[in-house]
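Visitor: I have a structure I would like to understand better, so I am pasting it below and will then ask my questions one at a time.
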Amino acid sequence: MNDFTPLYSIQELEHALNMALTTSNQSTARIKIIDRQVNIHMSTFNSEIVTCQFPGEKIVKLFCKHSDNKNVIVSYGHRRQVGYEGDVYRLLLQKTKMTSALFYGTYTDPVNESSWLFLEYIENSLKVSKCESNFLVKAAQWIGKFHAINEGTAVDHSSWLIKYDKDYYDAWTQRVSLFSKDLIMQYPWITSVCKQFEEYNDVLLNGPLTIIHGEYCPKNILVQDDVICPVDWESAAIAVGEIDLAMLLDGSWSSEIKQQCEKEYKQARYSQLSNALFERILVIAKIYVQMRWLGDNKSWTTSKVVGRRFMELKNLSEQLNSI
């Protein structure tokens, strides 16, 4: 075993893995863990890379994610727990022909309510954020195709997937207004931009809904052998797909690359949608993305490093007024 201190014992991990594989009919034979490594890219939930010995001496590396359901993470409705992400893999991703990590199973401890998710470990991969810009375009194509495939199936998953509604969108603007009230001298237009988004978010509500990733950022998209593989699906939801595209393009990419991504996304996503309506939905989705970051944590909102997000909000608001 590698030298790191996990939150749970090897016995607990083996039990959870074997229960998950039995439940998902992957295996009824006992699986042994022979190595475990901390995931150096760990983010919201605890995760590690586990090397397992399957029957017949077969060695398999799995990605294990764990959440303690008693410690609820404040996410204002956009993120759920590990068990929810497991449902996304089991009920949705496994049934599409899009590339994704192989799902091995989930397990929830009946005593402490901890949840475990076991997936294929995508070895020798890079995040899109670490790749050349042409992979950003490929990621735009991937998510456009995913949205096109799932526009007709969103209703089939409406009983368990998050669905963005007006209360959801309005809550982000209300938090941005609250968190930035001490910055009104610096950004005197912030109140009017928040009101503008509340007036226009019906465009997101009435647009072509599909199933979205929810946090389709370059850091949540892996590339293995030139193949796109999005990960971290705990924010999957029903909403307009342009939100994922806006998340993907939120950064310091060149205008040429962004325009190419928008073109490739639209081509993969829609057979018929006017350029004007697409542009309008995308601009409002980009405003939402800025609200999403600025309304998540007051310490972030008031940090000097997020000043660019306020200016991006102002620019997007002016753009919306012109279309």
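The values are calculated or read from the model by the stated rules, or taken from the named source; none is laboratory data. In this text, all values refer to a predicted model and were calculated from it rather than measured experimentally. Cβ placement follows ideal geometry from the backbone for every residue including glycine, while neighbour counts extend to all protein chains displayed. Just the protein is used for accessible areas: all its heavy atoms, side chains included, with ligands, DNA and RNA removed. Shrake-Rupley method; radii C 1.70, N 1.55, O 1.52, S 1.80 Å.
Visitor: Residues of region 184-211 being out of contact with any Phe, Trp or Tyr (no Cβ under 8 Å at 6 or more places or on another chain), part of a helix (DSSP H, G or I) and surrounded by 15 or more Cβ atoms within 10 Å (Cβ to Cβ), which ones?
Guide: Residues satisfying the conditions are Thr191, Val193, Cys194, Gln196, Tyr200, Val203.
Visitor: Go through region 154-173 and count every residue that is of a type outside the set (Lys, Arg) and free of Cβ contacts under 8 Å to residues at least 60 places away in the same chain.
Guide: 6
Visitor: Take region 13-54 and flag every residue that is part of a helix (DSSP H, G or I), open to solvent by 20 Å² or more (accessible area, probe 1.4 Å) and either touching a Gly at 6+ places or on another chain (Cβ under 7 Å) or modelled with pLDDT of 90 or more (or both).
Guide: Matches in region 13-54: Glu14, His15, Met19, Thr23.
Visitor: I'd like the full set of residues that are surrounded by fewer than 20 Cβ atoms within 10 Å (Cβ to Cβ), of a type in the set (Ser, Thr, Tyr) and more than 20 Å from Val155 (Cα to Cα), limited to region 74-101.
Guide: Ser75, Tyr76, Thr99, listed by residue number.
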